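What follows is a single structure, written as structure tokens, with notes after it.
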Ligand SMILES: [Zn+2]
């Protein structure tokens, strides 16, 4: 997920692993020109990594890495670059919690891995790219257990099904009905909320084939972004 330099020729890699979640790996001399590791551990790449625990608590020493998959940056559009950086940054924020359980770690790992592969495949399809990005964000929320409640008003508990207009209230961290809406709330059509529910619960294969209005996707995206901000701030 990230690479930092410590002292003169040492590097620290922040990686996300399938089996252990987020780890910091210390590499001796990885920045020397002939270091074998460089190229195998660039942010956004998928690699098989070998490490040992050091005597210091919670410290791991990197001893080897072999790259399995790298995004094809040379074919990326500007939009893909932005998406790639945003996804890495989000993954870093969501995985910073140390209380993640083994199941969640596997879900995050698979989500990140699938995202990278699909980002590579969907290069010339801007609409599908936006859908991929929205799906990624909703799934991050879901797997973290932070998904917003889309079924009922956060204030009066009235069911929101069949409402043509609802509101996301950043202060309340959830949806409100028309009666409870406050100033500053984000307006959402009922269809946008249905799409948000679809993105939370379906796999990308199904989502890719679905039909929806771009405006619904914009609104669902605004909802997810506002909710991520509420959860992470
Ligand atoms: Zn209400």
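Pairs of Cα atoms nearer than 8 Å and 6+ residues apart set the relative contact order; for the stretch 2-69 it is 26 percent. With neighbour counts taken as other beta-carbon atoms within 10 Å, the residues 176, 122 rank, fewest first, as 122, 176.
Among 193, 12, 66, the order by Cβ neighbours within 10 angstrom, fewest to most, reads 66, 12, 193. On C-alpha positions alone, give me the angle between the axis of helix 214-232 and the longest principal axis of the chain, in degrees, nearest 10. Once rounded, one gets 60 degrees. Taken along its principal axes, the alpha carbon cloud of the stretch 142-196 reaches lengths of 31, 23, 18 Å, longest axis first. Mind putting together the pair-distance distribution for the stretch 42-150? All Cα pairs, 10 Å bins, whole percent per bin, short to long. That works out to 12, 38, 34, 13, 2, in percent per bin.
Potential lengthening of the chain between residue 17 and residue 36 amounts to 4.8 nm, from the contour at 0.36 nm per residue minus the alpha-carbon distance.
Each eigenvalue of the Cα gyration tensor of the stretch 178-219, multiplied by 5 and square-rooted, gives one semi-axis; in descending order these are 25, 10, 7 Å. Each eigenvalue of the Cα gyration tensor of the stretch 2-69, multiplied by 5 and square-rooted, gives one semi-axis; in descending order these are 16, 16, 10 Å. The angle between the Cα long axis of helix 102-121 and the longest principal axis of the Cα atoms of the chain comes to about 90 degrees, rounded to the nearest 10. In the chain, the DSSP beta bridges split such that about 95 percent are antiparallel, to the nearest 5. Take every DSSP beta bridge whose two residues both sit in the stretch 13-110; close to 85 percent of them are antiparallel.
In the stretch 73-232, the ratio of gyration radius to Kirkwood radius, Rg to Rh, stands at 0.97 when only Cα atoms are counted.
Helix 78-94 axis versus longest C-alpha principal axis of the chain: approximately 90°, rounded to the nearest ten.
By the count of neighbouring beta-carbon atoms within 10 Å, fewest first, 117, 78, 40 end up ordered 78, 117, 40.
Taken together, the values in this text are just the output of simple stated rules run on the coordinates, not laboratory data. The structure displayed is predicted, hence computed values, not measured ones. Backbone-built Cβ (ideal geometry, glycine too); neighbour counts: all protein chains shown.
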